[in-house]
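Only one structure is covered here, and it is reproduced in the block below.
The values are calculated or read from the model by the stated rules, or taken from the named source; none is laboratory data. What you see is a predicted model, and the numbers here were worked out from it, not measured in a lab. Cβ coordinates were reconstructed from backbone atoms using ideal geometry, including for glycine residues, and neighbour counts include every protein chain displayed. To get the accessible areas, we keep the full protein, side chains included, count just its heavy atoms, and leave off ligands, DNA and RNA. Shrake-Rupley method; radii C 1.70, N 1.55, O 1.52, S 1.80 Å.
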Amino acid sequence: MKFTIAIDGPAAAGKGTISRAVAESLGAAHLDTGLLYRAVGVKGGDPVEAARSLSPSDLSRDDLRSLAAGEAASRVAVIPEVRAALVAFQRDFARRDGGAVLDGRDIGTVICPEAEVKLFVTASPETRARRRWQETDEGSYEDVLAQVRARDARDTDRADAPLRPAEDAVKLDTTDLSIEDAVKQACAIIRNRL
Ligand code: C5P
């Protein structure tokens, strides 16, 4: 069986945890598309070249989860040629046998507009900054909040594939939810629509 589940939203809204849990519960494959942009961002050199020549070893570097890599990712993600170079890989992944869950910023709007289910996961900037800060233990809470806001602005205001919910996306606000409840609600929404 082939199906695609698109999970979009801003940084640290809970997309990653939700996507992994949903994929596991459906026995589907999962792609964290942010990793592609992170790998391009930290590779150095010409970002367009980096995106065109991305290899599995670039995706397994262990510095990809750092705040700096997220920042670098959002800078290269505004370049249309970088985004274009990553489209085919994501679309192929989305149509694999057994189903696929992709999380990112533009999966429901640009990469997989035909996805069977689209979820847009949000939370307040303060909640997301607190989660990211507790997770990474890097810098002060205020620094992380400023970075979250800057990244939101860059992702939302860019011309090519800006962060926004698809018209037919179901919205899930995780501000006041525990991670267990967020996962439960996401799984219920998806199972109802598949
Ligand atoms: O999701 P994550 O925080 O790993 O993404 C890092 C950055 O990569 C985002 O802030 C965004 O600029 C970019 N990105 C994107 N489109 C995606 C996934 C990530 O532009 N589908």
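Tell me which residues, restricted to the range 1-17, are outside any strand (DSSP E or B), more than 22 Å from VAL144 (Cα to Cα) and not charged (D, E, K, R). Selection gives MET1, PHE3.
Consider the range 90-118 and keep the residues that are under 9 Å from ASP8 (Cβ atoms), assigned to a helix (DSSP H, G or I) and touching a strand residue (DSSP E or B) at 6+ places or on another chain (Cβ under 6 Å). The one that is nearest to the ligand (Cβ to nearest atom) is ILE107. The set of residues in the range 6-51 that are more than 14 Å from the ligand (Cβ to nearest atom) and of a type in the set (Val, Ile, Thr) comprises VAL22, VAL48. When the residues of the range 148-161 are narrowed to those that are within 16 Å of TYR37 (Cβ to Cβ) and in contact with a Lys or Arg (Cβ under 8 Å, 6 or more places away or on another chain), which ends up nearest to the ligand (Cβ to nearest atom)? In this case the residue turns out to be ASP155.
Which of the following residues is under 26 Å from ALA68 (Cβ atoms), touching a Phe, Trp or Tyr at 6+ places or on another chain (Cβ under 6 Å) and either outside any helix (DSSP H, G or I) or more than 10 Å from the ligand (Cβ to nearest atom) (or both): VAL78, VAL121, VAL144? So that I can check it myself, show each step before the final result.
Values: VAL78 fails: touching a Phe, Trp or Tyr at 6+ places or on another chain (Cβ under 6 Å); VAL121 fails: touching a Phe, Trp or Tyr at 6+ places or on another chain (Cβ under 6 Å).
The conditions single out VAL144.
Give the residue that is most open to solvent (accessible area, probe 1.4 Å), with candidates limited to residues of the range 164-194 that are acidic (Asp, Glu) and part of a loop (DSSP other than H, G, I, E, B). Here the answer is GLU167.
On the given criteria, is ARG65 near the ligand (Cβ under 9 Å from one of its atoms), open to solvent by 40 Å² or more (accessible area, probe 1.4 Å) and either under 15 Å from the mean Cα position of the chain (by Cα) or modelled with pLDDT of 95 or more (or both)? For ARG65, the condition - near the ligand (Cβ under 9 Å from one of its atoms), open to solvent by 40 Å² or more (accessible area, probe 1.4 Å) and either under 15 Å from the mean Cα position of the chain (by Cα) or modelled with pLDDT of 95 or more (or both) - is met. Among the residues of the range 42-75, those that are not hydroxyl-bearing (Ser, Thr, Tyr) and not in a helix (DSSP H, G or I) comprise GLY44, GLY45, ASP46, LEU54, ARG61, ASP62, ASP63, LEU64, ARG65.
Within the range 74-107, being open to solvent by less than 10 Å² (accessible area, probe 1.4 Å) and within 15 Å of THR156 (Cα to Cα) holds for SER74, ALA77, GLY104, ASP106, ILE107. Return the only residue of ALA39, ALA23, ALA29 being open to solvent by less than 20 Å² (accessible area, probe 1.4 Å) and touching a residue at least 60 places away in the same chain (Cβ under 8 Å). Exactly one residue qualifies, and that residue is ALA23.
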